[in-house]
Every structure is written in structure tokens, then in C-alpha cells.
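See structure below.
The values are calculated or read from the model by the stated rules, or taken from the named source; none is laboratory data. Because the structure is predicted, anything quoted here is derived from the model rather than measured. Glycine also receives a Cβ, built like all others from the backbone with ideal geometry; neighbour counts cover every protein chain displayed. Just the protein is used for accessible areas: all its heavy atoms, side chains included, with ligands, DNA and RNA removed. Shrake-Rupley method; radii C 1.70, N 1.55, O 1.52, S 1.80 Å.
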Amino acid sequence: MEIPKTYDPKQAEERHYARWEAQGCFAPEANRDPHAPVYSIVIPPPNVTGSLHMGHALQHTLMDVLTRYKRMSGYRTLWLVGTDHAGISTQIVVERELKKEKLTRHDLGRERFVERVWEWKAESGGRITEQMRREGASVDWSRERFTMDEGLSRAVREFFVTCYEEGLIYRGERLINWCPKDQTALSDLEVDKETQAGKLYFLQYPLKGSDRRITVATTRPETMLGDTAVAVNPEDERYRELVGATIELPLTGREIPLIADSYVDPAFGTGAVKITPAHDANDYEMGERHNLPQVVVIDSHARMTEAAGADFAGLDRYEARERVVQRFEELGLLEKVVDYEFAISRCDRCRTVVEPLISMQWWCKQGELARRGLELIKERHEPHFHPEVPWEKVYTDWLENLHDWTLSRQLWWGHRIPAWYTADGRVFVARSEQEARAAAGTDELTQDPDVLDTWFSSALWPISTLGWPDQTRDLETFYPTDVLVTARDIIFLWVSRMVMTGTKFTGRLPFRDVVITGTVLDKNGQKMSKMKGNVIDPMDVFEKYGVDATRVTLAASSAGTDFPWRDERVESYRNFANKIWNAARFCLLNSEGAQVSRGFEGARDTWALHDRWIVSRLNKTILTVERALASYQFHEAVFALYHFFWDDFCDWYIELSKTEVTAAEESESRAAARSRVLSVLEQALRLLHPFMPFITEELWQRLPGVGADSLHEAYASAEPTIMLAAYPRGEQALIDDAAEAEMQSVIELISRVRSIRSEMNIKPSEEVELIIGTSGDGSARVFDASMAQIKRLARAGSVSFTSSMADVPRHAARAVLAGGVEVALPLEGLIDFEQERARVEREREKLRKEAERLEAQLGNPQFTERAPAEKVAELRQRVADIAQRMKALEQTLEALA
RNA sequence: GCCCGCUUAGCUCAGUGGUAGAGCACACGCUUCACACGCGUGGGGUCGUAGGUUCAAGUCCUACAGCGGGCACCA
């Protein structure tokens with residue numbers, strides 16, 4: 001059999017995914033057991049415009065690990081996939097395309113533009129799904145959904161209309177976040193607050209009928225053109241007698257009142273605040289309280305309006321700022337300008353500074369929708385966040401402090417708001433235009449031009465993808481889902497809103513668990529961003545190191561906290577993949593006459609020590625993996641598998657088995673040993689499959705004796721594939737602590753001999769003689785049974801036992817093992833007595849210190865009284881062991897004297 | 001301002017009250033018939049600081065320091 005020495009990921013990756021998909025392995029229907037338990041996950045739908053980033057790769061890896069694990073465990077498993085229409089992002093992308101043709105969306109008109117977006121989606125939307133195939137994501141493509149599919153759009157209308165009828169959705173004029181570039185309203189969650197170095201301007205306003213002036217401080221002087229009051233704190237002594245006075249607002253000729261409001265902080269600035277109800281959220285509220293007029297001086301393009309006065313109309317907001325400041329200076333009304341750091345809001349799509357504007361929009365009341373979710377998290381900790389700290393609290397705090405949600409967007413791409421208006425301005429909200437016409441009693445209706453926030457349809461994703469509002473079989477079977485795996489930045493935008501819709505429309509939470517992953521940072525711990533140019537494309541990493549290595553790296557790094565991406569790390573897992581490849585290569589090159597299925601036939605007491613040991617280690621590993629995955633501790637599962645495979649299986653088991661496995665003569669025992677090694681390998685491949693789907697399939701397919709019989713019974717009729725093989729179950733009965741202890745003593749013996757060899761600079765090719773001194777406690781029997789292995793791995797030509805170390809030649813290096821077993825290597829001519837004594841004395845000193853510490857602890861009556869009896873016994877045992885070893889070391893020193 | 005997280009080997013990080021761990025890096029040796037993307041052997045730690053709880057603290061509590069994050073209407 002020709003097997004290359006180095007694993008080439010690409011050829012495996014290209015072959016297997018297409019086959020799995022074609023054979024329907026990903027769909028829950030692959031499972032033929034009518035009583036199978038159900039496991040389901042819905043993917044957070046990536047933007048259809050996008051390409052995968054490291055965060056996706058991380059989340060998808062975790063979801064795929066869970067999905068493959070549950071599928072192999074016999075669950076009827078659905079990982080539902082789809083993409084999001086991503087309103088603003090997609091519209092921007094297509095507008096950018098149009099710009100290349102020197103066109104704007106307005107040139108095309110709404111209908112043609114929307115067609116154009118659909119065309120674009122048809123051409124480019126497949127990129128992200130192709131990338132998901134590359135990742136090995138075992139999603140069910142037969143149920144792929146898009147948030148603008150007819151079914152999902154129907155769900156959106158149902159949601160909207162129901163809430164409208166219940167008074168949860170309403171239309172109203174309020175101050176909103178407006179993006180002057182994208183020309184749309186944004187919700188509070190779609191703007192990023194940023195601190196910025198700027199200036200604080202102190203402007204003086206003259207009082208009417210007096211030469212007094214009142215000074216106000218502002219970061220946005222241009223808004224003074226829209227001031228309709230100045231406010232002070234009613235308790236503020238400095239201004240008390242001025243309340244009610246009239247101010248002559250400079251540059252406008254307008255007269256505005258000086259009012260009192262307890263919102264004003266007397267300690268900040270001058271204690272007097274200019275009030276611009278049309279352009280500031282706080283001022284808006286104060287304006288409502290005091291019935292102040294709203295003077296709109298900035299328009300939707302962030303330019304000054306006619307109302308700003310002839311000198312300013314048409315100016316950009318920043319030009320206007322300069323000119324206002326200049327005028328104040330000319331008038332002698334600019335008191336001072338100081339450096340000041342303040343927060344500005346940017347559109348999270350285009351980074352433009354948003355403008356607060358008063359605008360008519362659709363809103364969704366959040367309080368009532370959130371109530372059930374709040375009860376569940378507070379009373380039952382549902383959904384259960386992983387890690388629970390800090391996300392449960394973050395989520396709870398947000399639900400407790402909700403503002404109404406701005407639903408409408410002034411875009412063309414998205415779900416059109418299902419509201420129609422008559423010529424005289426009456427509004428009809430309905431599931432269809434026909435319904436609206438019937439209700440209005442006229443066909444002369446105009447539909448609201450706005451579309452809904454992208455997150456509105458996302459909020460329905462777990463139910464709409466399964467068929468809601470119809471009570472479909474899928475909805476019945478797969479809802480609620482088991483777990484949601486996502487990033488922290490959409491806990492509010494998405495997670496909380498799915499909870500609202502899920503509890504409202506089904507009475508149940510859409511998922512039991514929520515796994516919040518950390519963020520993948522660059523190698524310096526910086527957030528990746530296109531602007532910084534430090535983005536690592538997962539496709540490049542796949543290309544360089546292979547998909548499996550990348551997946552394991554991500555799973556191993558995901559302890560819930562952010563982590564820097566380091567090539568060294570993925571390199572080490574690339575090496576791991578190669579290790580797996582070569583271990584399998586060894587097994588296959590020595591597989592003649594062997595079969596996986598014949599691995600551990602026969603009574604256990606006929607197995608060799610290392611066989612009982614590896615089976616015990618294997619089962620402990622399986623139990624660890626089970627426990628780790630049940631609590632989403634992916635890194636723990638990876639570490640357990642990595643160390644089992646590399647340390648236990650490769651470094652020890654294969655080496656311990658080599659004498660038999662590589663025997664030149666064909667024999668029953670050689671075939672049996674080969675079968676056992678193959679069988680452990682095969683179990684390990686199954687265990688690794690959810691993390692490393694490609695290499696495990698590639699190798700599994702080549703193993704002798706795997707086939708239809710290897711499949712989980714739920715998939716009995718399928719084509720053989722490791723992804724439908726049964727995931728190993730950990731069996732307590734196969735854990736053999738005695739075998740592990742015995743094996744440990746053999747390993748210690750070999751390691752100590754190797755250590756001496758290394759210290760004594762004995763060439764690896766040179767064989768040594770070993771004399772083992774045992775005190776007749778049965779350890780001689782253990783070593784004797786593993787004689788061939790000890791000889792091979794310690795490179796010993798001969799091994800003999802003695803009951804008295806006094807017989808050992810003086811020219812020997814010695815060591816004392818746990819349990820007082822002694823080992824000596826006669827090394828005529830190589831021993832420097834002085835040096836050897838120093839070595840032994842160092843060891844004795846180490847033991848003496850440890851014994852001292854332990855004895856002090858045992859000498860403390862509070863310890864022996866209060867600590868658990870087993871702890872005390874364990875300590876006594878250790879002290880006894882040390883005493884025995886010390887005694888042996890003393891004798892060794894005497895022999896060297 | 002409020003809330004939260006982190007601080008463990010040179011680096012990046014695991015760590016469940018009871019003998020401090022991994023990967024990488026480093027040092028020495030190795031064409032040992034699966035693998036140099038490897039094998040063997042080593043060195044390297046007062047677990048941020050100061051208190052407290054406990055028989056016992058890297059682990060639990062309090063304060064402080066440094067770093068990072070989230071929320072917030074201070075002009």
C-alpha cells in the first residue's frame with residue numbers, strides 16, 4: 001500500500017464533502033430510527049453579501065462539532081442553514097456596483113433596483129455557502145433558507161400585523177438616529193458610540209432688556225440656530241432670579257425663554273444649557289416637558305435648512321459650525337473654547353456620524369414582549385448562557401432597560417412594511433394588499449415606502465425557518481432548538497429578540513443553551529478590522545494548514561474568552577494531523593491479516609498489560625470528551641483527545657505493541673496485536689471526527705474491517721462513512737485502575753532508564769544492562785510480563801532481577817522508583833563516583849524536603865482531625881513511599897562510598 | 001459615572017480548595033525499520049500586590065494596582 005509520509009489535506013477535503021452531501025448524510029432524514037431523540041441548531045445566518053471571517057469559522061466549528069457528535073450518537077440531527085438579506089449592507093454593495101456604471105438606485109427606480117439586488121444575490125450570494133462547504137459544516141442544505149424567502153416574508157408580515165393589532169407596534173414621530181449617508185433611520189443598537197477629542201465652545205447669549213449675558217457650553221455650536229430655550233437648574237442660586245427672562249438668540253433674531261429644569265447639572269459647564277429640541281435627544285425630552293417649539297435647522301443630508309437663516313442654509317453641518325463660531329467671535333460673544341472629549345455616534349455600517357433628527361417612524365414596544373424573557377432568566381436561568389458570567393447579567397440588564405425599537409428603514413431592499421394609506425391619510429395594516437383594500441373599502445391605496453429593520457426577520461429565524469406561522473411537522477419536531485452559538489455583539493440585536501418572538505408565538509424559548517464565543521484577535525491581541533489591515537482570512541488558513549487543523553485550533557482556543565490568532569498554534573495542530581496520519585500509516589503498513597472488528601475479542605484477562613491499559617485510557621478519554629461537550633468545554637475535549645492520541649496511543653501504545661505488530665513471522669498473535677492497534681486507532685478516529693472530519697474520514701475509509709457494520713444502527717442502510725458511525729461511549733467497566741497503576745510503573749522504569757542514559761551520554765544505539773531490585777511485592781511479576789517492551793523501549797540488552805542491591809557492581813548508575821523499586825545500570829568505566837553521588841544526593845534532598853513538608857502537615861492535629869480521612873491516608877501513604885525511597889537512596893550512597 | 005472580565009513558565013494560554021500544567025520557544029542527544037510537521041532527555045514559576053476565610057488558597061472573600069470590554073441623556 002502506498003501512503004505518503006505527509007498528510008495532504010487538500011485532496012481529502014475535496015473528495016469527502018461532496019460525497020457526504022450527495023448521499024444525504026447531513027439531513028435528519030438520514031436517521032431511520034423512528035424513536036431517535038432529536039437535536040437541532042439553527043445557524044446564525046451570515047449576511048448574504050459577506051464572506052466568512054474567523055468568527056464564523058469559530059462558531060461554525062463549534063456547531064459542527066456538536067452536530068456531528070450528536071448525529072454519530074444516534075440523534076435525529078438538524079443543523080439548519082441559511083443567509084440573511086442584510087438590508088443596509090446589501091443595498092450598499094449593490095449601489096456601489098451601480099456607481100461603477102455611473103448610476104444611482106434612483107436612476108433605476110425602486111422596482112428595477114430590487115430586481116437588480118436579486119440578480120446580484122443569485123450571482124454572488126453563493127460565495128458564502130461555498131465557503132461553508134469548505135469548512136466541512138454538516139448543515140442540511142435541503143432546508144436552506146433566506147430571510148426574504150416567501151415563507152419567511154409571510155412570517156414577518158404575520159409578526160408585524162399581530163403586534164400592530166395588539167398595540168405593540170405603532171407609528172410615531174420621535175427623535176431618531178439618522179445616517180446622512182445611507183439616508184435611513186437606525187436603531188440604537190446600530191450605532192457605535194465613540195469618544196472623540198473635540199472642543200467645548202462657550203457661547204454668550206444676551207438677555208433682553210439688560211446688558212447681562214448668559215453663557216452656555218456646547219460641543220455643537222451649529223445647533224444653536226435651532227435653540228428654543230436655555231435651561232438652568234431650579235436650585236441654582238446664580239440664575240434663580242433670571243428664570244423666566246427672555247434671551248435674544250444671536251444670529252437668528254429669535255427670542256427664547258430661560259427655563260428651569262432639574263435635569264440640568266449646575267456643576268457642569270456654566271450650569272446653563274442651550275436647548276435644541278429638534279436635534280438632541282435630551283433637549284427633545286425637555287422640549288416635550290416644557291412645550292418648546294422644535295426648529296429644524298439640519299436636514300436629512302446633514303445640511304442646514306432654510307430655518308437656519310439665509311447665512312447658513314445649504315451649508316454642511318461642519319461648515320456651519322465654523323461659521324457660527326466665527327460670527328460669535330466677531331460679535332464678541334465667544335467666551336472661550338476648551339479641549340474636550342465627548343461621545344459621538346457613528347453608523348455601524350458606514351461609520352458616518354449620525355444626526356439625531358425628528359422623524360415619523362414605525363416602532364415596536366419592547367417592555368411587554370420582554371417580560372416573559374425576563375421572568376425566565378430571573379426565575380429559571382433560561383436560556384442558560386455559557387459562560388454564564390458575564391452574559392446572563394449583561395442580557396438581563398439589557399432586558400430591564402429597553403427602549404422602543406425603531407423598526408422602519410428608508411431603504412428599498414428588505415421586507416416592505418405591510419401598511420397601506422388612503423389618500424386622506426388613514427392607515428391600514430394588513431397581511432396583504434387585498435386585506436388592506438377590503439378593510440379600507442377602496443383600491444386607492446399606497447403602501448408605506450419603508451422597509452423593516454433586518455433584525456426584524458432575524459428575530460423570527462428559529463421559527464420562520466421551520467415553517468411558522470404554519471404548524472409544520474418540522475416546527476413540531478425541531479423546535480425548540482438545543483443551543484445557539486453566537487458572538488456577544490448580537491446578544492441584544494438578535495438573541496433577546498428571538499426570545500421575545502419565541503415566547504410570544506410558541507410559548508417556549510427558541511433554545512435551551514446560548515454559547516457565547518470569544519473574539520478571534522490578531523496576533524498582537526488587536527481586534528481584526530479591514531481598516532487596520534490585520535484581518536486573517538480563514539480560507540487562507542485552510543489553504544496553508546488544512547481545514548481540520550484550523551478547526552481544532554479554533555475549538556481548542558475557545559474557552560469563552562477572546563484569544564489572539566497565532567500561526568504557531570495552528571501549526572502545532574497541523575503537526576497533530578500529520579501525527580494521526582502517520583500513526584495510521586504505521587497501522588496500515590502492518591495490517592496484513594488484521595481487522596478492526598477483531599480488535600478486542602476474547603477474555604480481558606488474556607490481554608497484555610498495555611492492552612488493558614490503553615482500553616482504560618481510551619474509556620477515560622471518552623468520558624472526558626462526553627463531559628466536556630455536555631458543558632461546551634470544547635478545549636477540554638480537544639486536550640483530552642490530543643494527549644490520548646499523541647502521548648498514550650502513539651508514544652506508548654504503538655511502541656509497546658511494536659514487538660508483536662512488526663514480528664517478521666505471520667502468526668495468530670501478530671494478527672491479534674495488529675487488530676488491537678487498528679481497533680484503538682479506529683475508535684480514536686471516531687472520537688476525533690467531529691473536530692477533524694476530513695482526515696478521519698480519509699483514514700477510516702482505508703481501515704481493513706470497517707464497513708456497513710460500523711455504522712450506528714440508526715443509519716444502518718447508509719453508505720459506510722465515519723460520520724454515521726457510532727460515537728464511542730465511555731464504559732466505566734473498562735476503566736482499569738490496577739492496569740493503569742502497573743503500566744505507570746513500567747513507564748516510570750523506562751523513563752528513568754532513558755533519563756540516566758541521556759545524562760550519561762549513552763548513545764541510543766548502545767544497549768545497556770538493567771538490574772531491577774524489587775522487594776518481593778509483585779512488581780517483579782509486572783516488569784517480567786512486560787520484559788520485551790522494557791528491553792525495546794529502554795534499549796536494554798539484558799534485564800535481571802535481584803532481591804539485594806548489594807550484589808550490584810559498584811560501577812553502576814542507580815535510581816529509586818515509586819514503591820521503592822530500584823534500578824541499576826552497570827556502566828564500567830563511565831561512572832564518575834563523585835558525580836554519581838552528587839546526583840543521588842540531589843534526589844535525596846528533594847525527597848527530604850517533600851517529606852518534611854508532608855510530615856509537618858500530618859503533625860498538625862487540626863489537619864488530621866478536620867481533613868477528610870482519605871486525604872490524611874493519602875498523605876500517610878506518600879510519606880511511607882518517600883521513606884522507602886529514601887532508605888534505598890541511602891543504600892545507594894553507601895554503595896558509592 | 002455604573003457594571004463586568006483578565007493578571008499563572010520567555011510568549012500565548014488551560015487549571016474542578018488537597019503533589020503547579022499544555023503548546024510554542026529554549027538547551028542537550030538522535031538517519032531507533034509511522035512520522036524531523038519527528039523521537040528521547042532537560043532547564044524554566046514566591047500563580048499581579050496586600051489582607052481575610054479555611055486543617056489546607058493559583059482556586060473562595062475584601063481592598064488596591066495595571067490591562068481590556070460593555071452600558072450610560074451630562075450639554
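When the range A:711-731 is filtered for residues that are part of a loop (DSSP other than H, G, I, E, B) and of a type in the set (Gly, Ala, Ser), the ones remaining, listed by number, are A:Ala716, A:Ser717, A:Ala718, A:Ala726, A:Gly730. Beta carbons closer than 6 Å, at least 6 apart along the sequence or on distinct chains, never pair a first residue in the range A:851-878 that is in contact (Cβ under 8 Å) with a residue 12 or more places away in the chain and more than 28 Å from A:Leu817 (Cβ to Cβ) with a second that is open to solvent by 80 Å² or more (accessible area, probe 1.4 Å) and within 8 Å of RNA strand B (Cβ to nearest atom). Out of all the residues in the range A:551-564, which are open to solvent by 20 Å² or more (accessible area, probe 1.4 Å) and either part of a helix (DSSP H, G or I) or polar (S, T, N, Q) (or both)? A:Thr561, the sole residue that qualifies. Output the residues belonging to the range A:285-295 that are surrounded by 20 or more Cβ atoms within 10 Å (Cβ to Cβ) and out of contact with any Gly (no Cβ under 6 Å at 6 or more places or on another chain). Residues satisfying the conditions are A:Met286, A:Gly287, A:Leu292. Exactly one of these conditions fails for A:Ala267: (1) aliphatic (A, V, I, L, M); (2) within 10 Å of RNA strand B (Cβ to nearest atom); (3) farther than 19 Å from A:Arg317 by Cα; (4) not in a loop (DSSP other than H, G, I, E, B). Give me its number. The number of the failed condition is (4).
Per the listing A:Ala630, A:Ala664, A:Ala640, A:Ala559, the residue uniquely free of Cβ contacts under 8 Å to residues at least 60 places away in the same chain and farther than 26 Å from A:Arg702 by Cα is A:Ala630.
Here's the yes/no breakdown for (1) among the small types (Gly, Ala, Ser); (2) open to solvent by less than 10 Å² (accessible area, probe 1.4 Å); (3) near RNA strand B (Cβ under 8 Å from one of its atoms); (4) in contact with a helix residue (DSSP H, G or I) (Cβ under 6 Å, 6 or more places away or on another chain):
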| site | (1), (2), (3), (4) |
| --- | --- |
| A:Tyr632 | no, no, no, no |
| A:Leu656 | no, yes, no, yes |
| A:Ala663 | yes, no, no, yes |
| A:Leu678 | no, yes, no, yes |
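Within the range A:605-626, restricting attention to residues that are open to solvent by 40 Å² or more (accessible area, probe 1.4 Å) and either free of Cβ contacts under 8 Å to residues at least 12 places away in the same chain or within 30 Å of A:Phe542 (Cβ to Cβ) (or both), the residue that is farthest from RNA strand B (Cβ to nearest atom) is A:Asp605. Kindly provide the set of residues from the range A:17-60 that are more than 26 Å from the chain's Cα centre (by Cα) and not in a loop (DSSP other than H, G, I, E, B), ordered by number. Passing the criteria: A:Ala18, A:Arg19, A:Ala22, A:Glu29, A:Ala30.
The criterion of at least 2 residues that are within 16 Å of RNA strand B (Cβ to nearest atom) is met, among strands (runs of 3 or more DSSP E) falling completely within the range A:160-217, by A:169-179, A:191-206. The residue that is farthest from RNA strand B (Cβ to nearest atom), among those in the range A:520-562 that are over 30 Å from A:Arg372 (Cα atoms) and β-branched (Val, Ile, Thr), is A:Val535. Each residue in the range A:565-578 was checked for being within 7 Å of RNA strand B (Cβ to nearest atom), open to solvent by 60 Å² or more (accessible area, probe 1.4 Å) and either assigned to a helix (DSSP H, G or I) or without any contact (Cβ under 8 Å) to a residue 12 or more places away in the chain (or both), and 5 pass.
Please work out which residue is nearest to the chain's Cα centre (by Cα), limiting yourself to the range A:249-264 and to residues that are away from RNA strand B (no atom under 16 Å from the Cβ) and either of a type in the set (Ser, Thr, Tyr) or surrounded by fewer than 16 Cβ atoms within 10 Å (Cβ to Cβ) (or both). Among those residues, the one meeting the criterion is A:Thr252.
Can you give me the number of residues within the range A:534-549 that are under 23 Å from A:Ile3 (Cα atoms) and not in a loop (DSSP other than H, G, I, E, B)? Residues meeting the conditions: 7. Looking across the range A:270-309, the residues that are assigned to a loop (DSSP other than H, G, I, E, B) and aliphatic (A, V, I, L, M) come down to A:Ala278, A:Leu292, A:Val295, A:Val296, A:Val297, A:Ala302. Listed residues A:Leu711, A:Leu699, A:Leu734, A:Leu724; which is within 15 Å of RNA strand B (Cβ to nearest atom), under 38 Å from the mean Cα position of the chain (by Cα) and under 27 Å from A:Leu66 (Cα atoms)? The conditions single out A:Leu699. Criterion applied to A:Trp413, A:Trp455 was being more than 16 Å from RNA strand B (Cβ to nearest atom), open to solvent by less than 60 Å² (accessible area, probe 1.4 Å) and out of contact with any Pro (no Cβ under 9 Å at 6 or more places or on another chain), and the one residue passing it is A:Trp413. Does the range A:369-407 hold any residues that are open to solvent by 30 Å² or more (accessible area, probe 1.4 Å), over 24 Å from A:Tyr164 (Cα atoms) and either among the aliphatic types (A, V, I, L, M) or near RNA strand B (Cβ under 9 Å from one of its atoms) (or both), and which are they? Passing the criteria: A:Pro387, A:Val389, A:Pro390, A:Trp391, A:Lys393, A:Val394, A:Asp397.
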